[in-house]
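Written out below as structure tokens is the structure these notes cover.
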Amino acid sequence: MNTSLRIAVVLGAAVLMSTGIKGSAPLRIQVSPAISRAPAQVTVRLIVESDAANRTLQIVAASNDYYRSSEVQLDGKDAQPVNVFELRNLPMGTYEITGVLVGTNGPRATVSGLARVEASMGGSR
């Protein structure tokens, strides 16, 4: 698959979009805030292009010392376009947050964004 990547910062949110064949973007990600203090709450929005082949949406948040994943079922072209995930009480670290859109024939798109959680005020560094 011929893909290109675009990185943008939208209102303080880290966004990394993977663009698929013919400029279509079946999956986009928004991670907000891009930088916060521990323990952090990070909101991840995965925006899914409507398609009858859409079956599941997977999300993974990983750092050197932390891993969390989740998966939701999608109802093909009738699935809601925006799926919101709240990652709460994240400890310090840099997190790669990855979304995978899975269709009837396997993965259709993968996107990633970053979130950095810094020491709280007065906390250790």
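Brief remarks on what is shown
- When residues of region 45-79 are limited to those that are in contact with a Gly (Cβ under 7 Å, 6 or more places away or on another chain) and of a type in the set (A, V, I, L, M, F, W, C), the one surrounded by the most Cβ atoms within 10 Å (Cβ to Cβ): LEU46
- If only residues of region 29-86 that are touching a Leu at 6+ places or on another chain (Cβ under 9 Å) and of a type in the set (D, E, K, R) are counted, the one that is farthest from GLU118 (Cα to Cα) is ASP51.
- Subset of region 80-97 (residues that are free of Cβ contacts under 8 Å to residues at least 40 places away in the same chain and surrounded by 15 or more Cβ atoms within 10 Å (Cβ to Cβ)): ASN83, GLY93
All of the numbers you see were taken from the coordinates with simple rules; none came from a lab. Treat the numbers as computed from the prediction; the structure is a model and nothing was measured. When we count neighbours, we look across all protein chains shown, and the Cβ atoms used for this are built from the backbone with ideal geometry, even at glycine.
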